[in-house]
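Undergrad: I'd like to ask some things about the structure below.
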Amino acid sequence: MQFVNEYRQKLVSADVAAKAVKSGDWVDYGQFVCQTQVVDEALAKRKDELQDVKIRATTRTTPLAVVQADPHQEVFTYNNFHYSGYDRKLQDQGSAFFIPIFYHEKPGYYKNFLDVDVAILAVTPMDDFGYFNFSTSVATSRAIVEKAKIVILEVNPNLPRVMGGNNETVHISEIDYIVEANWAVPEIPNALPSKEDEQIASLIIPEIRNGSCIQLGIGGMPNAVGSLIAKSDLKDLGVHTEMFVDAFVDMYEAGNLNGSQKQLDKGKIVYTFAMGTNKTYEFLHNNPAAAAYSVDYVNDPMIIRQQDNMVGINNCMEIDLYGQVSSESVGTRQISGTGGQGDFTIGSYESKGGQSYIAMTSSYVDRAGQRHSRIKNFLSQGSIVTIPRSLVSNIVTEYGIVNLKGKSTWERAEGIISLAHPDFRDDLIKQAEQMNIWRRSNKR
Ligand SMILES: CC(=O)SCCNC(=O)CCNC(=O)[C@H](O)C(C)(C)COP(=O)(O)OP(=O)(O)OC[C@H]1O[C@@H](n2cnc3c(N)ncnc32)[C@H](O)[C@@H]1OP(=O)(O)O
Ligand SMILES: CCCC(=O)O
C-alpha cells in the first residue's frame, strides 16, 4: 500500500514529465528496446521552447520523435553508443553522432565523467516491494539512474521482467516521475544465414568441446553459429554472453545448455542485454534459468576469463593483412560499435582452454552486385580499428580458420590471404609483396 500511494503521487502524463528537461541538459534515453517512446514524443513537441538539449541512447530500434522534429539538430543533438540500422541512417543524413566505448567500462564513464540531467528509461510495472525491472536492458541502466539528477520511468506492461543477477532493478524511492505506456516491444529478427554463414558455422562447431561456455556477438553470423549448435550433439554447454539472442533459446530447447561446467554462475545463462524476437522476450520473462547482470560484471575480461573453455564468436566487417580488425565501420561510415567485442576477444582468449573467433564472409556484394573482398591490404580509408592486431587470435571465413597469435607479419599475410575469396588472392599477394610482408618462398 505504501508503494501504491507513492506510485500515484509520481504518476504524471508524458507532457508533464517532459517538462523536467531544461535547455542545456544531457538527457539519457536508455538502451536497446527499453527506450522511451511516449516521453520522447512529448519532448519533441517542446522543440521551440528549448535550446541545446543533448540526447544519449544506445541502439535505437524505433523512430525518434526528437530527431524527426529536428533533423538538423538545431535544438536536440543525438548521440549514440552503438548504432542500429536506424541510427546509421540518421548519421548518413547528418542527424546522429557516435560515442566510442570499451563496453565493460561504460558504467564507470557514468560514475566518473558523464553528466545526466534527466534519465528516461522504459521498465516493467512495479512489483509488491516497490521495484521496477530494467527488463532486457540491464547493462548500464543502474549506472544511468545513479548518476541522473531526475529519473523518469516509462512503465510498460509488455516488457519482460528478467531475473538477476544484479543491478536489474530500480526502486520507486529512487525515481521522480512515472509515465505509463503500452507500446509493443520491438522485435529484432536476424537475417536468415547465407550459405557462407553456414559454412563458417560448420567450421567453428567442431572446435567447440562439450562443457564449453558460449558467447555470441551481434549480427547474422554469430546467430547462425548458435542455430547450428542447436542442431548439433554438443552438450553441457554454458552461456556467459553480453547479448542474449534467439539462438540461445534454440540451444536451450534443444538440450545443449545446462551450465553445469561453469566456474561462475553455475547453471545460469548469464547476459547483460537481450534483443531478438518474442521468442527471446517470452523465454526471459520471470525465467530463473537466466540471470541478467550489469555490463561491468558480464563483460569484464577478468570475469570472462574465469569461465573455462570460453568460446567467443563475433563478427567483423574487414581485416587487413597485418591482422587489424574493423568490426564497426566501413571507411568513415560508422556501422555499429565496438560493443563487447574487445571484452570478449580478450576474456575468451585468456580463459583456460578458451577460444576467440572473429568471423566474416570473405567477400561482400554491394547493392550494385559488385563483389568486394573483406580482406584488404589496408583497411578502407577512415575505417576504425576495433581489435588491434596484437589481440586478434582466430579469424574465420568460409575458407578456413587461421590463428594469428604469435605469428610474424609474413605468416599473418599468408594465413589471412588463404582465407580470402579466390578472386582476390593474387592481388592481395602482390600487395603483400609491396608491403614487404610476403616471403619469397611462399606459395602463390
Ligand atoms: C552488441 C554487442 O556488442 S554484442 C558483442 C560483440 N560486439 C560486436 O561484435 C560489435 C561489432 N560487430 C557488429 O556490430 C556486427 O557483428 C557487424 C556490424 C559486424 C555485423 O552485423 P550484421 O547486422 O550482421 O551486419 P550486416 O551484414 O547487416 O551489415 C550492416 C551494415 O553494414 C553494411 N556493410 C556490410 N559490409 C560492408 C562492406 N564491406 N562495405 C560497405 N558496407 C558494408 C551493410 O550494407 C549494412 O548497412 P545498411 O543496413 O545501412 O545497408
Ligand atoms: C553494445 C554496446 C551498447 C552500449 O553502449 O550500451
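Undergrad: Condition first: within 16 Å of ligand 1 (Cβ to nearest atom) and not in a loop (DSSP other than H, G, I, E, B). Now tell me which residues in segment 91-108 satisfy that. Quick ask: steps written out before the conclusion?
TA: So in segment 91-108, the residues within 16 Å of ligand 1 (Cβ to nearest atom) come out as 91-96, 98-107.
Matches in segment 91-108: GLN91, ASP92, PHE98, TYR103, HIS104, GLU105, LYS106, PRO107.
Undergrad: Here are some conditions: (1) assigned to a loop (DSSP other than H, G, I, E, B); (2) acidic (Asp, Glu); (3) at negative phi. ASP296 meets all but one. Which one does it not meet?
TA: Every condition holds for ASP296 apart from (1).
Undergrad: Which ones in segment 270-302 are over 19 Å from SER141 (Cβ atoms), more than 15 Å from ligand 1 (Cβ to nearest atom) and buried (at least 18 other Cβ atoms within 10 Å of the Cβ)?
TA: Scanning segment 270-302 gives a single hit, PHE283.
Undergrad: Right, here's the next one. If you go through segment 166-176, how many residues are under 26 Å from the mean Cα position of the chain (by Cα) and crowded, with 20+ Cβ neighbours inside 10 Å?
TA: Number satisfying all stated conditions: 4.
Undergrad: Sort through ILE313, ILE269 and tell me the only one that's within 18 Å of ILE214 (Cα to Cα) and without any contact (Cβ under 8 Å) to a residue 40 or more places away in the chain.
TA: On the way: ILE313 fails: without any contact (Cβ under 8 Å) to a residue 40 or more places away in the chain.
Answer to the selection: ILE269.
Undergrad: Then there is this: What single numbered condition from (1) away from ligand 2 (no atom under 16 Å from the Cβ); (2) under 21 Å from GLY347 (Cβ atoms); (3) outside any strand (DSSP E or B) fails to hold for LEU192?
TA: (2)
Undergrad: Would you check if there is a residue in segment 321-328 being within 18 Å of ILE205 (Cβ to Cβ), among the acidic types (Asp, Glu) and buried (at least 19 other Cβ atoms within 10 Å of the Cβ)? Write out each step before concluding.
TA: First pass over segment 321-328, keeping only residues within 18 Å of ILE205 (Cβ to Cβ): none.
No, segment 321-328 contains no residue that is within 18 Å of ILE205 (Cβ to Cβ), among the acidic types (Asp, Glu) and buried (at least 19 other Cβ atoms within 10 Å of the Cβ).
Undergrad: Taking LYS147, is it within 16 Å of ligand 1 (Cβ to nearest atom) and outside the structural domain of ILE304 (by TED's automatic domain parsing)?
TA: Details: within 16 Å of ligand 1 (Cβ to nearest atom): no; outside the structural domain of ILE304 (by TED's automatic domain parsing): yes.
In short, no.
Undergrad: Which residues, counting only those in segment 275-288, are over 15 Å from the mean Cα position of the chain (by Cα) and closer than 26 Å to ALA201 by Cα? If you could, list the steps in order and put the result at the bottom.
TA: Of segment 275-288, the ones over 15 Å from the mean Cα position of the chain (by Cα) are 277-288.
Within segment 275-288, THR277, ASN278, LYS279, THR280, TYR281, PHE283, LEU284 meet the criteria.
Undergrad: With the condition being over 24 Å from ASP296 (Cα atoms), I'd like the helices (runs of 4 or more DSSP H) fully within segment 326-444 carrying at least 2 qualifying residues. First the steps, then the outcome.
TA: Numbers: elements: 341-350, 409-418, 422-434.
Where helices (runs of 4 or more DSSP H) fall fully within segment 326-444 and carry at least 2 residues being over 24 Å from ASP296 (Cα atoms), they are 409-418, 422-434.
Undergrad: Testing GLU105 on (1) buried (at least 18 other Cβ atoms within 10 Å of the Cβ); (2) within 16 Å of ligand 2 (Cβ to nearest atom); (3) more than 22 Å from GLU187 (Cβ to Cβ); (4) of a type in the set (Asp, Glu), one condition comes back false. Which one is that?
TA: Every listed condition holds for GLU105 apart from (1).
Undergrad: State all residues of segment 331-360 that are closer than 21 Å to SER383 by Cα and hydroxyl-bearing (Ser, Thr, Tyr); if no residue qualifies, say none.
TA: Residues satisfying the conditions are THR332, SER336, THR338, THR345, TYR357.
Undergrad: Answer yes or no: is there a residue in segment 116-137 that is modelled with pLDDT of 95 or more, away from ligand 1 (no atom under 16 Å from the Cβ) and on the phi > 0 side of the Ramachandran plot.
TA: First pass over segment 116-137, keeping only residues modelled with pLDDT of 95 or more: 116-137.
Subset that is away from ligand 1 (no atom under 16 Å from the Cβ): 116-135.
Checking the rest, the ones that are also on the phi > 0 side of the Ramachandran plot come to 130, 135.
Within segment 116-137, one or more residues are modelled with pLDDT of 95 or more, away from ligand 1 (no atom under 16 Å from the Cβ) and on the phi > 0 side of the Ramachandran plot.
Undergrad: While we're looking at this one, here's another question. Do we have SER390 as surrounded by fewer than 21 Cβ atoms within 10 Å (Cβ to Cβ) and closer than 20 Å to MET317 by Cα here?
TA: Details: surrounded by fewer than 21 Cβ atoms within 10 Å (Cβ to Cβ): yes; closer than 20 Å to MET317 by Cα: yes.
So SER390 fits the description; yes.
Undergrad: While we're on this one: Give the number of residues within segment 210-224 that are surrounded by 24 or more Cβ atoms within 10 Å (Cβ to Cβ) and within 17 Å of the chain's Cα centre (by Cα).
TA: Within segment 210-224, residues that are surrounded by 24 or more Cβ atoms within 10 Å (Cβ to Cβ) and within 17 Å of the chain's Cα centre (by Cα) number 9.
Undergrad: So is ASN210 under 30 Å from ASN309 (Cβ atoms), more than 16 Å from ligand 1 (Cβ to nearest atom), in the same structural domain as TYR293 (by TED's automatic domain parsing) and in a loop (DSSP other than H, G, I, E, B) or not? Show your work before the answer.
TA: Working: under 30 Å from ASN309 (Cβ atoms): yes; more than 16 Å from ligand 1 (Cβ to nearest atom): yes; in the same structural domain as TYR293 (by TED's automatic domain parsing): yes; in a loop (DSSP other than H, G, I, E, B): yes.
It is true that ASN210 is under 30 Å from ASN309 (Cβ atoms), more than 16 Å from ligand 1 (Cβ to nearest atom), in the same structural domain as TYR293 (by TED's automatic domain parsing) and in a loop (DSSP other than H, G, I, E, B).
Undergrad: For ASN258, which of the numbered conditions (1) touching a strand residue (DSSP E or B) at 6+ places or on another chain (Cβ under 8 Å); (2) within 21 Å of THR338 (Cα to Cα) fails to hold?
TA: Every condition holds for ASN258 apart from (2).
Undergrad: Regarding GLN215, is this residue assigned to a strand (DSSP E or B), assigned by TED's automatic domain parsing to the domain that holds HIS421 and of a type outside the set (Gly, Ala, Ser)?
TA: Numbers: assigned to a strand (DSSP E or B): yes; assigned by TED's automatic domain parsing to the domain that holds HIS421: yes; of a type outside the set (Gly, Ala, Ser): yes.
Here the answer is yes, as GLN215 does meet what is asked.
Undergrad: Can you find a residue in segment 260-269 that is under 24 Å from GLY30 (Cα atoms) and within 16 Å of ligand 2 (Cβ to nearest atom)?
TA: First pass over segment 260-269, keeping only residues under 24 Å from GLY30 (Cα atoms): 269.
Imposing the further condition that a residue be within 16 Å of ligand 2 (Cβ to nearest atom) reduces the set to none.
So far as segment 260-269 goes, no, none of its residues is under 24 Å from GLY30 (Cα atoms) and within 16 Å of ligand 2 (Cβ to nearest atom).
The values are calculated or read from the model by the stated rules, or taken from the named source; none is laboratory data. From a predicted model like this one, the values you see are computed outputs, not experimental measurements. Reconstructed Cβ throughout: ideal geometry from the backbone, glycine too, with neighbour counts over all protein chains shown.
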